[in-house]
Each structure stands twice: as C-alpha cells, then as structure tokens.
Amino acid sequence: MNLITFSGPPSSGKTSVILKTIQALRQQDLKVGVVKFDCLYTEDDVLYEKAQVPVKKGLSGGLCPDHYFVSNIEEVVEWGVKNTLDVLITESAGLCNRCSPYIKEIKAICVIDNLSGVNTPKKIGPLLKSADIVVITKGDIVSQAEREVFASRISAVNAQAIVMHVNGLTGQGAYELSTLMVEDEKQINTVKGMELRFSMPSALCSYCLGEKRIGDEYQMGNVRKMTM
C-alpha cells in the first residue's frame, strides 16, 4: 500500500484538494481511502462518504493532534491494508503551524492557501519546511504577481520541495499532483519502526495535567519564561 500524508493550516483547502486528487487516482484504477485527523469537530468524513471513499476519522480532543496522529498511525495503516487499499491518505490539520506529522520515506504534502499572507511561510515550521510537495490553493483569487511572490517565499523556506498550484473547486492541477503522489513511491504494509522527520512539540507541565490556576507556584515541569 502507498501511504501519503497531507497536512496544512486549518481551512487551507486540504479536503477539497484531496477529493479532486482522488478522482484523478481513480482514473488510474487505484483504490483510495482516507483517514481524517482533527481536534474537536469535523464533517469532512461525510464529504468523503458522499464521494464513496472509504474513510475513518479521529478526534484528538484535549491531546496535541500530532501526538494523537503518531499514537494511531500504525492502526490506521493496518486498517488500510485490511481494506486492500492501493493508496491510503492521512489528513491532519496543523493547528499551531509547528506540527510535524511526517514520516521518513513516506510522501509528505503540505497544503497552504494564497490568502494567508506573504509572511506566512516563515511562520510555519516543520509542517512546511520538511514537506516533499507544497500545494498552494486559492490562487485564482489573487493576482499573478501575488501568486509568484507567495511561491517564491515558500521556496525560500523549503528549497527542496516541489511547489505547485491546485484549484480545489475546479480540480485544475489535481491530475499532476496525483502523478507525483504515486511516482516512485514506497509500498508498505506497516510503519512500525519508522521514524518521524522532526520531533514533536514538547510540553509536560502542570497545565498539561489539568491545572487552571495562574502563577509561579502552580507551574511545574517544562516551563519557559520570557526575558522581560
């Protein structure tokens, strides 16, 4: 099975891009499934079901979505193998822009929209910097000059990635993306023993354990203070 990880900031158009790309993959007679990771709420699984795509969703609740992803990815792969999928896509929201749900040797795709501001690529960490492919959405709303400036800012942050535009409404660029997704890709039946490309956000403090009171006397564990 071919495992591919999609991630990106919330509302950047990940689900729309994936749905259009799945249409292109089906033209290649590939069976595709999706697992959607989110925090509190999502109806994206309903959209996949309407498109007759095998889908599962997982909500992390109070946990960091990255830690939730890594804790469940092995079972997700087992589900994909059990359903005899040719391609399994995992979709994860980069809620803090520091997220890094990418695995070494597994294709990593970051979706970012053209409306987020020209300085946004500098604000996004491993989510963008360690991706293999960066997909820019909503480029039809801005000018050609703005598209080129935004793409150049992305290349300045991640020079190795393929940067491309995909329209989530019309599907323009989705076929090209689908060919890159399955090109020379590693076939797997487990991710056990594989490594993440980047370490997770780290925090183990009193607030992680449910503390609500503010003040030094209530803070313990991994605490970092500003220099004032």
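Where a number appears in this text, it was derived from the coordinates with a stated rule and is not lab data. None of these values were measured; they are calculated from a predicted model. Cβ atoms come from the backbone with ideal geometry, glycine included; neighbour counts cover every protein chain shown.
Projecting the Cα positions of Ala156, Cys110, Ser12 onto the charge dipole of the chain (unit charges on Cβ atoms of Lys, Arg, Asp and Glu, taken about the Cα centre) puts Ala156 furthest along the positive direction.
Measuring between alpha carbons in the structure, the pairs from Lys56/Lys129; Lys82/Lys138; Lys31/Lys192; Lys57/Lys212; Lys14/Lys212 lying more than 25 angstrom apart are Lys56/Lys129; Lys82/Lys138; Lys57/Lys212; Lys14/Lys212.
Once the C-beta distance of Val46 and Val142 is scaled by a Förster radius of 30 Å, the resulting FRET efficiency is 0.50 to the nearest 0.05. When both the range 90-151 and the range 14-39 are represented by their alpha-carbon centers, they are found 18 Å apart. Computed per residue of the chain from DSSP H runs no shorter than four, each worth -39500 (n - 2.57), the mean residue ellipticity at 222 nm is -9000 deg cm²/dmol.
Dipole magnitude for the range 26-149: computed about the Cα centre from +1 point charges on Lys and Arg Cβ and -1 point charges on Asp and Glu Cβ, it is near 240 debye.
In a simple Cβ point-charge model (Lys, Arg +1; Asp, Glu -1; nothing else charged), the chain has a dipole of about 460 debye relative to its Cα centre.
Given R0 = 22 Å, the distance between the Cβ atoms of Asp29 and Ile162 translates into a calculated FRET efficiency of 0.35.
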